[in-house]
Structure formats: C-alpha cells, structure tokens
1. How about segment 1-107: which helices (runs of 4 or more DSSP H) wholly inside it have at least 1 residues that are more than 16 Å from the ligand (Cβ to nearest atom) and closer than 24 Å to residue 170 by Cα?
2. Count, please, the residues in segment 75-106 that happen to be closer than 24 Å to residue 29 by Cα and in contact with a Lys or Arg (Cβ under 8 Å, 6 or more places away or on another chain).
3. For segment 139-155, name all the residues that are under 26 Å from residue 218 (Cβ atoms), touching a residue at least 60 places away in the same chain (Cβ under 8 Å) and not in a loop (DSSP other than H, G, I, E, B).
4. Within segment 177-203, work out how many residues are among the acidic types (Asp, Glu), under 13 Å from residue 218 (Cβ atoms) and outside any strand (DSSP E or B).
5. Could you please tell me which pairs satisfy a Cβ distance under 8 Å, a separation of 6+ or placement on different chains, a first residue in segment 23-44 that is more than 23 Å from residue 157 (Cβ to Cβ), and a second residue that is of a type in the set (D, E, K, R)?
6. Of the residues 281, 297, 259, 276, which single one is in contact with a Pro (Cβ under 9 Å, 6 or more places away or on another chain) and not polar (S, T, N, Q)?
7. List pairs: first residue in segment 70-83 and closer than 25 Å to residue 155 by Cα, second residue in a loop (DSSP other than H, G, I, E, B) anywhere in the structure, Cβ distance under 8 angstrom, at least six positions apart or on different chains.
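Each value in this text was obtained by applying a stated rule to the coordinates, not by laboratory testing. Please read all numbers here as calculations on a predicted model, not as lab measurements. Counting neighbours? That spans all protein chains shown, and the Cβs are built from the backbone with ideal geometry, glycine included.
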Amino acid sequence: MSNISCAKYVWMNGKTIEWEKAHVHVSSSAVLYGAGVFEGIKAYKSSNGRGLYLFRLEDHVKRLFGSAKVHRMDVPFSTKAIEEAIIKLIEDNGFTDDTYVRPLIYPGDFFELMGGKAPIDVTIFAVPYSSQDHSQKVEKGIKCCVSSWRRISDSSLPARVKTCGNYVNSRLAKSEARMSGFDDAILLTKEGFVSEGSGANLFLVRNNALVTPDVSFDILEGITRASIIAIADDLGYAVRERGVVRSELYTADEVFLCGTVAELLPVVSIDNIAVGDGKPGNLTKNLQNHFFQIARGKSSKHKDWLRAIHEE
Ligand code: PMP
C-alpha cells in the first residue's frame with residue numbers, strides 16, 4: 001500500500017482519524033462490487049484570498065443521500081451532520097487553498113457477503129486540489145473522441161445515482177481515449193444518443209443557444225450542469241434540454257464539458273474534427289468567466305451556492 005498521505009486527517013463514522021488509519025476491509029461490498037456511493041465537492045479559495053467557499057455543499061450532500069437511498073442504505077448521520085463534518089475536516093486539515101472533498105457511504109464489512117445487512121459506514125476525505133495541467137486545459141480546451149464503450153443505462157446501473165461501480169464504465173472509456181491520444185471520451189447511450197463525458201456533462205452551442213442532453217439520456221444530473229443552466233439564464237442565453245445525436249457534435253459551433261473536477265472545459269475537437277474554428281468559443285469563455293467569479297465569491301450572483309469556511 002502506498003503511504004503517501006495528501007492530508008493529515010480523514011473523517012470516519014463520526015471520528016477524526018489519521019489519514020494512514022482510514023481503512024476499509026477487503027470483504028466490504030464496496031471493495032468486492034463497487035457498492036458504495038460518493039460525491040465530489042470542491043472548495044474554492046475566495047478571490048480576496050481570505051477564505052474558502054464550498055460550492056453547492058447542500059446540493060451535493062442531498063444527491064449523496066439520494067444515491068444511498070436507491071441502494072437502500074440507511075445512513076447513520078443526518079445531511080446536516082455530514083455538511084458539518086466536511087467543514088470540520090477541511091478546518092482540521094488546515095487547508096486554505098482549493099480543496100477537493102470526497103464523502104463515501106458504503107457497506108462496511110463482510111455481513112453482506114454472508115447474506116446479512118452490513119452496517120453502513122461513512123467516510124470523508126479531502127485533499128488540496130490545484131493542477132497546472134488542468135488550468136491549461138480550461139484555457140486551451142481538450143480533444144475528445146466518441147467512445148466505443150456505451151454509457152451504462154438507467155435500466156441496469158443508473159448513471160444519475162453516483163455509485164462507485166459506475167466509474168468502471170467511465171474508466172474504460174477514458175483509458176481507451178487516452179491510449180488513442182485524446183484527452184477524454186464522449187459516451188453515447190446504448191440507443192446511440194449523446195450522453196456525457198467520462199466524468200462530466202456535455203453542452204453544445206448552436207446559433208448562440210445551449211443544448212444539453214436531458215435527464216433521460218443516462219446522465220449524472222450534474223450540479224455544475226444545473227449551475228451552468230442558471231448562469232446561462234442570467235446571461236440571457238436560451239438552453240434546450242433534449243436528445244442530441246452524434247452528428248450534432250461535429251457541426252456544433254462550440255462544445256464544452258462541465259463538472260466539479262472538469263469545471264468548464266472547452267472541447268476543441270471531436271474524433272479529430274475541429275469544433276467550430278478549433279478554439280474555445282466566446283460563449284463558453286463567457287460562461288467560464290461567470291462560473292469562476294461566482295465560485296470564488298467575486299460575483300454578487302448566487303451567493304446562496306457558497307458555504308464559507310474560515311469566514312473573513
Ligand atoms: N457526469 C459524470 C459521470 C460525473 O462523474 C460527473 C462528476 N461528478 C458529472 C457528470 C458532473 O457532475 P457535477 O457537476 O455534479 O460534479
């Protein structure tokens with residue numbers, strides 16, 4: 001096991017423990033089958049440098065509990081307790097810069113393997129998060145391909161539920177894309193409609209309006225996606241949620257991916273066909289600009305999306 005620790009502390013079942021001691025037993029269904037649920041949450045350093053803002057904390061925790069509900073996991077904590085635990089963990093670790101937080105809910109031990117009901121464990125870890133490589137991609141855009149793997153479908157492994165095992169599908173698509181020289185993959189549903197990226201939602205720009213696959217196209221209902229729809233509305237851009245066919249990807253004026261980690265990533269080519277003129281488009285850049293201003297507390301809009309830590 002790697003002994004690299006990115007943080008001092010992990011929050012596990014109500015206790016703050018050292019990073020090195022945060023273990024899961026090999027007999028857990030989370031290990032055996034990927035039967036856990038999780039969230040990815042970002043805390044942004046405020047533009048005045050004095051604090052951190054957790055982005056849409058309540059919405060992420062609500063989605064986490066929704067995922068647990070589908071798996072019939074009784075979570076032994078309230079949503080409020082998990083929100084407080086996330087804030088405490090960031091404070092305990094002394095993080096003052098951009099941070100990525102990952103809460104996980106999973107059957108903790110071997111009882112499930114024996115046909116019983118395993119106790120449900122809750123663990124939260126957080127790591128400092130900033131990447132030069134990612135910042136460059138946000139600015140310059142990424143190259144995608146349409147994956148040969150299809151998106152998991154709602155009738156077998158629902159994408160709207162953030163199950164750990166779902167990400168085996170994402171991993172297959174992303175590793176294939178990377179091996180072929182692309183940055184990321186765009187997955188189609190099994191019926192052949194555009195679904196989303198390996199870990200991010202997808203938008204097209206057509207004639208100055210936004211188009212994105214609606215929730216019936218096997219997407220994770222992204223919180224960044226919802227934020228982009230709200231920001232687009234503020235800026236007066238029309239947004240259509242509907243089925244998107246593959247050929248629209250090649251003829252769109254602009255395409256971008258969005259998510260907690262992706263933030264807002266312009267897609268500059270798909271299957272080696274340039275999107276628009278092969279550079280990040282103006283509408284995408286405008287949305288990026290507003291998104292980051294809101295996330296870092298620089299905008300007067302959507303203040304209710306931010307939960308301040310180390311309040312200035
Ligand atoms: N789709 C998938 C498959 C994802 O993993 C993510 C990242 N959580 C997203 C979309 C974007 O969701 P969010 O904006 O809530 O991070």
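1. Numbers: elements: 29-33, 57-70, 79-93.
In segment 1-107, the matching helices (runs of 4 or more DSSP H) lie at 29-33, 57-70.
2. Number of matching residues: 2.
3. Filtering segment 139-155 for residues under 26 Å from residue 218 (Cβ atoms) gives 141-155.
Checking which are touching a residue at least 60 places away in the same chain (Cβ under 8 Å) leaves us with 141-146, 151-154.
Passing the criteria: 142, 143, 144, 145, 146.
4. Here the count works out to 1.
5. Going by the 8 Å Cβ cut-off, the qualifying pairs are 25/109; 42/98; 43/98; 44/98; 44/296.
6. On the way: 297 fails: in contact with a Pro (Cβ under 9 Å, 6 or more places away or on another chain); 259 fails: in contact with a Pro (Cβ under 9 Å, 6 or more places away or on another chain); 276 fails: in contact with a Pro (Cβ under 9 Å, 6 or more places away or on another chain).
Going through 281, 297, 259, 276 in turn, the sole match is 281.
7. 70/158; 70/161; 71/35; 71/161
Each row is one residue, and each column tells you yes or no for (1) within 16 Å of the ligand (Cβ to nearest atom); (2) within 14 Å of residue 185 (Cβ to Cβ).
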{"site": "123", "(1), (2)": "no, no"}
{"site": "129", "(1), (2)": "yes, no"}
{"site": "139", "(1), (2)": "no, no"}
{"site": "142", "(1), (2)": "yes, yes"}
{"site": "148", "(1), (2)": "no, yes"}
{"site": "159", "(1), (2)": "yes, no"}
{"site": "162", "(1), (2)": "yes, no"}
{"site": "170", "(1), (2)": "yes, yes"}
